[in-house]
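Here's the structure, in structure tokens; my notes come after.
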Amino acid sequence: MSAITIWMFGAVILMTLVITYWAAKRTKTTGEFYAAGRSLTASQNGLALAGDWCSAAAFLGFTGLTALYGMDGALYAVGPLVAFCTAILLFAEPLRNAGKFTLGDIVRCRMESRTALIMTAIGVIVVNLAYLVPQMAGAGVLIKLLLGLPYNLAVAFVGVAMIVYVAFGGMLATTWVQIVKAVLLMTAGLVVLVLCLKAVGFNPVEYFNLAEREHGPKFLQAGNYLKNPFDQVSLGLSYICGIIGLPHVMTRFYTVPDAKTARRSVIWVMFLAGAFFIATAIFGLAAAHFIGPEAIRAADKGGNLAMPLLAQYLGGGANTLGGDMTLGFVSAVAVATILATVAGLTLATSGAVAHDIYVNAIKGGHVEERFQVRVARISVLCVGAFATILGIAAQGVNVAVLVILGFSIAASANFPVVALSLFWRRFNVGGVVGAVVVGLVSSVTLALIGPAFLGPHALWPLVVPTIVTMPLGFLGAVIGSLMISQNPQDDKNFEEISVRAHTGLGAEI
């Protein structure tokens, strides 16, 4: 790898470390550590959300899936546009008004139950790890390509970096790293898009014509990867409902001063991330034409290097200054993308471990402010180490596939808890246990025995099991709630949280 690509990589890492140093001096309290002091504007939070959303799965996985499987990859890419409609219309305002730092705060206000709080935290931790592992895997293959490091060492490097970002800078550092990353990512995407369009006379339809001639009409139809029609429906459900169950997305609603700003943040991310996702369809078809599926699989069997290889080709090819510069820029931005995303996920996981389980469930909220931040930083170290080990084990799996499995778990276990906590009076601790246990166990089990992990030897036909597991999660919540008699205090808490969620009276400021 040329020196110029290494310098680009180093510049991105240095920039993020400077941001972390700046943020660390401004992060002293739990409110600053978990929610950046609720000081972000709509545009800042929207850019940070776009940074959260445009992860390794978007930059690497979606492009790779489109290059290998045609329009099924494009379905993965454009789904989030619909998902954010659910967030902005139904949940952005209630979540901002009803919560404090985590999903566990909403459940704690509803039920005042340690059992419910611990079960909610378990659901959050599993979802975050399911989403975190593919980011680590994507970083491993990229840094291996960029610096020539062994995959295991590359993943370990990312683990150390994310621990530094979160442990010292908290949400403020994570947010500004996300903002810088989002700007760089949009810039890199625009550069590659212009190069792609220039290669075909600025006629994007030509890539569809080339794909049809080279790979057949079926390449442009659904069913090359998601062969079962129920998988396609299940993918849509995962997006639409799973986004509300993703803790690192939810926590973004707590970083702004009010519900109006939370809604405006979602509008920002819909336009920014939506434009980028649509472009990944062009990137994938261009990679299929210029690089070819076989060469992409040879570089990485999951297809995760399709985008960097395309950037190198369009910049002038391998062993040229232009090719190295383009590859270095795109790869460095992709690494920054992953580092920022894993920082957000690590922070959300730390919130579940330190804030929900230790501070509130074990200590009943009676922990000194300074010690709460210390516990949060210790939990960041533990989460980062564990995620690094799992990332090493995930080598060779397409990161987009793993991320969608995280969505499936979020839709099956966390989404029922969020929705019913806010909108069903009868929901109680039995419902929380039922939703998390049934939704979590069913989604993880069916994913592990499905095609995503076992390939042709799968015992279950669907890649994405949400169409079955999400109803099971809701069923577990309803049965669990009805099996336990309603506590009069739960009724009173529901009235209070309903008023707060829909009016903002009593919301955290």
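A few points about this structure:
- Failed item, numbered, when Asp52 is tested on (1) modelled with pLDDT of 80 or more; (2) open to solvent by less than 10 Å² (accessible area, probe 1.4 Å): (1)
- Residue that is surrounded by the fewest Cβ atoms within 10 Å (Cβ to Cβ) [pool: residues in the range 403-443 that are among the hydroxyl-bearing types (Ser, Thr, Tyr) and without any contact (Cβ under 8 Å) to a residue 40 or more places away in the chain]: Ser442
- Checking Gly302 against (1) at pLDDT below 85; (2) within 18 Å of the chain's Cα centre (by Cα); (3) not aliphatic (A, V, I, L, M), the condition it does not meet: (2)
- Taken together, Leu272, Leu246, Leu237 contain a single residue that is open to solvent by 10 Å² or more (accessible area, probe 1.4 Å), in contact (Cβ under 8 Å) with a residue 24 or more places away in the chain and either touching a Leu at 6+ places or on another chain (Cβ under 6 Å) or under 27 Å from Thr469 (Cα atoms) (or both), which is Leu237.
- Annotation note: of Asn203, Asn209, Asn224, the sole residue that is touching a helix residue (DSSP H, G or I) at 6+ places or on another chain (Cβ under 8 Å), of a type in the set (S, T, N, Q) and at pLDDT 90 or above is Asn203.
- Any hit, the range 358-380, residues being under 30 Å from Tyr207 (Cβ atoms) and not acidic (Asp, Glu): no
- Checklist (1) closer than 27 Å to Ala3 by Cβ; (2) part of a loop (DSSP other than H, G, I, E, B) applied to Leu184, failing item: (2)
- The range 49-90, residues that are of a type in the set (A, V, I, L, M) and under 16 Å from Gly292 (Cα atoms): Leu60, Leu65, Ala67, Leu68, Met71
- Evaluation of Gln489 against (1) open to solvent by 10 Å² or more (accessible area, probe 1.4 Å); (2) out of contact with any Pro (no Cβ under 6 Å at 6 or more places or on another chain); (3) free of Cβ contacts under 8 Å to residues at least 60 places away in the same chain (one fails), failing number: (3)
- Single condition Gly292 does not satisfy, out of (1) open to solvent by 10 Å² or more (accessible area, probe 1.4 Å); (2) in contact with a Leu (Cβ under 7 Å, 6 or more places away or on another chain): (2)
- Those residues of the range 377-402 which are outside any helix (DSSP H, G or I), of a type in the set (A, V, I, L, M) and at pLDDT below 70, in sequence order: Val397
- Within the range 356-369, the set of residues being open to solvent by 10 Å² or more (accessible area, probe 1.4 Å), part of a helix (DSSP H, G or I) and modelled with pLDDT of 80 or more comprises Ile357, Tyr358, Asn360, Ile362.
- Within the range 138-152, the presence of at least one residue that is surrounded by fewer than 23 Cβ atoms within 10 Å (Cβ to Cβ), in contact with a helix residue (DSSP H, G or I) (Cβ under 8 Å, 6 or more places away or on another chain), without any contact (Cβ under 8 Å) to a residue 24 or more places away in the chain and not charged (D, E, K, R) is confirmed.
- Look at the range 276-295: where a residue is within 18 Å of Cys54 (Cβ to Cβ) and a partner is open to solvent by 20 Å² or more (accessible area, probe 1.4 Å), sitting 6+ places away or on another chain with Cβ atoms under 6 Å, you get Phe277/Val78; Ala279/Leu193; Ile282/Pro204.
- Filtered by the rule that a residue be farther than 18 Å from Ser238 by Cα, touching a residue at least 40 places away in the same chain (Cβ under 8 Å) and assigned to a loop (DSSP other than H, G, I, E, B), the range 460-486 gives Ile484, Gln486.
- Any hit, the range 219-234, residues being acidic (Asp, Glu) and either more than 29 Å from Ala348 (Cα to Cα) or open to solvent by less than 20 Å² (accessible area, probe 1.4 Å) (or both): yes
- Residue in the range 331-350 that is over 20 Å from Val133 (Cα atoms) and either of a type outside the set (Val, Ile, Thr) or without any contact (Cβ under 8 Å) to a residue 60 or more places away in the chain (or both) present: no
- Close Cβ contacts (under 9 Å, 6 or more residues apart or on different chains) running from residues in the range 159-173 that are at positive phi and among the basic types (Lys, Arg) to residues that are crowded, with 24+ Cβ neighbours inside 10 Å and in a helix (DSSP H, G or I) are absent.
- Residue in the range 170-200 that is modelled with the lowest pLDDT, counting only those that are crowded, with 18+ Cβ neighbours inside 10 Å and of a type outside the set (A, V, I, L, M): Lys181
- Residue in the range 445-455 that is in contact with a Gly (Cβ under 9 Å, 6 or more places away or on another chain) and not in a loop (DSSP other than H, G, I, E, B) present: no
The values are calculated or read from the model by the stated rules, or taken from the named source; none is laboratory data. None of the values given here were measured: they were computed from a predicted structure. When we count neighbours, we look across all protein chains shown, and the Cβ atoms used for this are built from the backbone with ideal geometry, even at glycine. Keep in mind that these areas ignore ligands, DNA and RNA; they rest on the heavy atoms of the full protein, side chains included. Shrake-Rupley method; radii C 1.70, N 1.55, O 1.52, S 1.80 Å.
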